[in-house]
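For reference, the structure discussed in these notes is given below.
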Amino acid sequence: MKMGSKSYLKVLILCLVALIGSSHAQLQLGFYTKSCPKAEQIILKYVLEHIPDVPSMASALIRMHFHDCFVRGCDASILLNSTKTNTAEKNSFPNLTVRGFEFIDQVKSLVEAECPGVVSCADIIALTARDSVHSIGGPFWNVPTGRRDGLISKAADVLISLPAPFHNLTTLTTLFGNVGLDVNDLVLLSGAHTIGVAHCSTIATRLYNFTGKGDTDPTLDSEYAKNLKTFKCKNINDQTTLIEMDPGSRNTFDLGYYTQVVKRRGLFQSDSALLTSSITRSIITQQLQSTQTFFLEFAKSMEKMGRINVKTGTQGEIRKHCALLNN
């Protein structure tokens with residue numbers, strides 16, 4: 001090969017490497033080390049100052065992270081307000097009970113005061129979810145940063161992409177697979193139901209009209225169902241009453257959720273669905289062996305979830321206000 005050809009080949013290879021690198025930009029730990037070195041410290045400080053007073057907010061923030069990542073990736077699209085011409089994700093039915101928007105806004109304002117236009121709302125969601133869960137004694141996981149904020153938020157996307165409380169295992173597995181998560185991730189991320197509450201409206205049909213004949217879902221433990229109907233969700237039209245997803249320890253990140261599921265007392269049909277496969281049952285059994293193991297495995301799945309379809313490099317933008325596009 002002639003020298004000219006070698007030089008041409010070298011240039012071509014370098015161009016290809018650069019192209020691949022730009023289209024597969026990676027998140028990295030400490031992304032803001034130089035551009036906003038105090039960012040993660042500011043976020044953690046705010047979390048530690050407020051979550052102990054309202055520990056239920058930890059479940060709200062990790063739920064927000066989940067709902068954001070499954071729709072268009074982890075790009076803070078869930079935070080955008082609707083406009084006259086567009087109904088945004090936050091106004092879709094599954095997101096009407098999502099909480100924590102004001103919390104994120106407060107964190108964003110503090111970070112903006114330190115480093116204007118540098119730290120994305122998407123990274124703030126991811127870091128706040130991790131720090132809030134860890135602050136109540138839950139697992140710690142790595143949150144590599146460098147996400148950028150998305151420009152599109154459509155309510156219709158939510159119903160297509162987001163796993164629902166009434167989904168069976170086949171549908172759940174498909175929706176998780178659509179975003180690069182496997183059945184192991186499904187079982188582990190479901191473990192987040194060990195904290196938080198749900199509205200009676202999410203299980204009303206399961207309790208009172210499962211097949212349209214005024215019946216109760218037979219996969220739900222009969223004593224538990226009776227208890228729920230007697231003391232919690234007293235009628236099918238109850239829209240406001242809250243129920244603990246892990247009774248007795250809704251603010252403690254532990255193995256209680258899996259214990260409830262094994263007893264057929266998982267609140268949602270999607271919880272009960274984890275018992276319909278030998279594979280998912282086996283994963284639950286493994287988690288029940290050790291809290292430490294659960295924490296480690298949960299951490300891996302959370303970091304994996306936090307990478308779903310992220311926007312990096314020159315994609316998207318860094319919003320000044322999380323609920324509004326810059327332009």
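The values are calculated or read from the model by the stated rules, or taken from the named source; none is laboratory data. A quick note: this is a predicted structure, and the numbers were derived from the prediction, not measured. Cβ: placed from backbone, ideal geometry, glycine included. Neighbour counts: every protein chain shown. Side chains included, ligands, DNA and RNA excluded: accessible areas come from the protein's heavy atoms. Shrake-Rupley method; radii C 1.70, N 1.55, O 1.52, S 1.80 Å.
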Right, residue 63: open to solvent by 10 Å² or more (accessible area, probe 1.4 Å), modelled with pLDDT of 95 or more and in a loop (DSSP other than H, G, I, E, B) or not?
-> no
Please indicate, with yes or no, whether at least one residue in the stretch 133-155 is touching a Gly at 6+ places or on another chain (Cβ under 6 Å), closer than 30 Å to residue 272 by Cβ and of a type in the set (A, V, I, L, M).
-> no
Find the residue count for the stretch 72-93, including only residues that are open to solvent by less than 10 Å² (accessible area, probe 1.4 Å), polar (S, T, N, Q) and over 21 Å from residue 180 (Cα atoms).
-> 1
On the given criteria, is residue 69 open to solvent by less than 30 Å² (accessible area, probe 1.4 Å), within 30 Å of residue 257 (Cα to Cα) and among the hydrophobic types (A, V, I, L, M, F, W, C)?
-> yes
Only listed residue being hydroxyl-bearing (Ser, Thr, Tyr), open to solvent by 10 Å² or more (accessible area, probe 1.4 Å) and either more than 20 Å from residue 63 (Cβ to Cβ) or in contact (Cβ under 8 Å) with a residue 40 or more places away in the chain (or both), chosen from 205, 194 = 205
Residue 315: passes all of (1) without any contact (Cβ under 8 Å) to a residue 40 or more places away in the chain; (2) not in a helix (DSSP H, G or I) but (1)
List pairs: first in the stretch 26-46 and of a type in the set (Val, Ile, Thr), second surrounded by fewer than 19 Cβ atoms within 10 Å (Cβ to Cβ), Cβ under 7 Å, 6+ apart or cross-chain?
-> 42/110; 42/114
Test residue 235 against the stated conditions and say whether it is more than 27 Å from residue 277 (Cβ to Cβ), of a type outside the set (A, V, I, L, M) and open to solvent by 20 Å² or more (accessible area, probe 1.4 Å).
-> yes
The lone exception for residue 26 - which of (1) in a helix (DSSP H, G or I); (2) at pLDDT below 95 it fails = (1)
Sole miss for residue 297 among (1) open to solvent by 30 Å² or more (accessible area, probe 1.4 Å); (2) in contact with a strand residue (DSSP E or B) (Cβ under 7 Å, 6 or more places away or on another chain); (3) touching a residue at least 60 places away in the same chain (Cβ under 8 Å) is condition (2)
